[in-house]
1. So, in the range 253-270, exactly how many residues are in a helix (DSSP H, G or I), farther than 21 Å from residue 32 by Cβ and within 15 Å of the chain's Cα centre (by Cα)?
2. Tell me yes or no: at least one residue of the range 241-252 is assigned to a loop (DSSP other than H, G, I, E, B) and modelled with pLDDT of 95 or more.
3. State which residue is surrounded by the fewest Cβ atoms within 10 Å (Cβ to Cβ) when the search covers only the range 261-279 and only residues that are modelled with pLDDT under 95 and not hydroxyl-bearing (Ser, Thr, Tyr).
4. Quick one: residue 218 ticks every box in (1) part of a loop (DSSP other than H, G, I, E, B); (2) within 17 Å of the chain's Cα centre (by Cα) bar one, so which box is it?
5. Please tell me if residue 19 is in contact with a Gly (Cβ under 9 Å, 6 or more places away or on another chain), in contact (Cβ under 8 Å) with a residue 60 or more places away in the chain and assigned to a helix (DSSP H, G or I).
6. Among the residues of the range 13-55, which ones are within 22 Å of residue 263 (Cβ to Cβ), at pLDDT 95 or above and of a type in the set (Phe, Trp, Tyr)?
7. I'd like the full set of residues that are crowded, with 20+ Cβ neighbours inside 10 Å and within 16 Å of residue 139 (Cα to Cα), limited to the range 27-46.
8. Within the range 189-200, is even one residue in a helix (DSSP H, G or I), within 16 Å of the chain's Cα centre (by Cα) and closer than 23 Å to residue 21 by Cβ?
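The values are calculated or read from the model by the stated rules, or taken from the named source; none is laboratory data. Predicted model, so just to flag it, every value in this text is computed and none were measured. Here Cβ is always computed from backbone atoms with ideal geometry, including for glycine, and neighbour counts include all displayed protein chains.
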Amino acid sequence: MFKEYLQLVRLPGIFTAFSNVLIGYFFSLSFNSEIVFLPYLLVTSGMLFCSGMIFNDYFDYNLDKKQRSFRPLPSGKISKQNALLIGFIFLILANISASFLGFDSLIISLILSCIILFYNLKLKSISFLGIFNLSLIRMLNILLGFSIIGISFEFIQYLLPLGIFVVGISILAKNEIKSNLVIYKKLNKIIIIITIASVSILVINNFQFESLLFLGLFSFLSVYSLFFKKIQNQITVQLLSIILLDSILISFFVPLEFSILVSLLILPAYVISKKLYLT
């Protein structure tokens, strides 16, 4: 039963949420080495991620009953009532944790909470809006990390590459059960190229030699994902490569060893994804 709950929250994906907020955290650390908010930041981001996954399955119950009956809710291994209760508990815990980070962080967390709920209630059924909403959630998760020292328009440049990349992943994920995926795969491929180009511009503007290492790893893994025949494998590899994309940005702000540590989050995420699905 415990495994079913870990599956419900998409445990492998939580490492990508952590790497998102660590971008802003390390940026903040480069200005103030005495910042000690990391545990609250990880709890806030992690709880928001888990609640989003739970609400996703709760509101997809009828669809999953037909198309993904093996999932914890439609299979009956976890009741809808328990899932809904846990989802709201995680959402409340996220915002309590965010309150310890400061006013700006609490506001971002509350906005994220509202968007997560609104997406699952209304927007996910509207393909175009749903896709961009998922991208917005990821970008706000990065901004959550920055918010511990305040919010600035300067941070937008660090949000956009991931926002673009998530649009490409979401296009595949939203259409994975369709029979003709050619157009969606082509769109995904184009967006991967745009993402690599956009983050390459950032690397040039914020040149650190070690950034090239992570840029190479991210480019390789995201392009490598295109060669998988199963669409679920493509999505999984691209989701995991988010960690490497985040490591590129982190390398702008702190010494190499910190970026390496963050990039290593891909290892537990990958190992766990062999036991628990990520999509």
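1. The initial filter retains those residues of the range 253-270 that are in a helix (DSSP H, G or I), namely 256-263, 266-270.
Imposing the further condition that a residue be farther than 21 Å from residue 32 by Cβ reduces the set to 260, 263, 266-270.
In the following step, the residues that additionally are within 15 Å of the chain's Cα centre (by Cα) were identified as 263, 266, 269-270.
Total meeting the criteria: 4.
2. Going residue by residue through the range 241-252, those that are assigned to a loop (DSSP other than H, G, I, E, B) are 251-252.
Checking the rest, the ones that are also modelled with pLDDT of 95 or more come to none.
For the range 241-252, residues assigned to a loop (DSSP other than H, G, I, E, B) and modelled with pLDDT of 95 or more: absent.
3. The qualifying residue surrounded by the fewest Cβ atoms within 10 Å (Cβ to Cβ) is 274.
4. It is condition (1) that residue 218 fails.
5. On the way: in contact with a Gly (Cβ under 9 Å, 6 or more places away or on another chain): no; in contact (Cβ under 8 Å) with a residue 60 or more places away in the chain: yes; assigned to a helix (DSSP H, G or I): yes.
So residue 19 does not fit the description; no.
6. Of everything in the range 13-55, those that are within 22 Å of residue 263 (Cβ to Cβ), at pLDDT 95 or above and of a type in the set (Phe, Trp, Tyr) turn out to be 15, 18, 49.
7. Once the filter is applied, which keeps residues that are crowded, with 20+ Cβ neighbours inside 10 Å and within 16 Å of residue 139 (Cα to Cα), the range 27-46 yields 27, 41, 44, 45, 46.
8. Yes, the range 189-200 contains a residue that is in a helix (DSSP H, G or I), within 16 Å of the chain's Cα centre (by Cα) and closer than 23 Å to residue 21 by Cβ.
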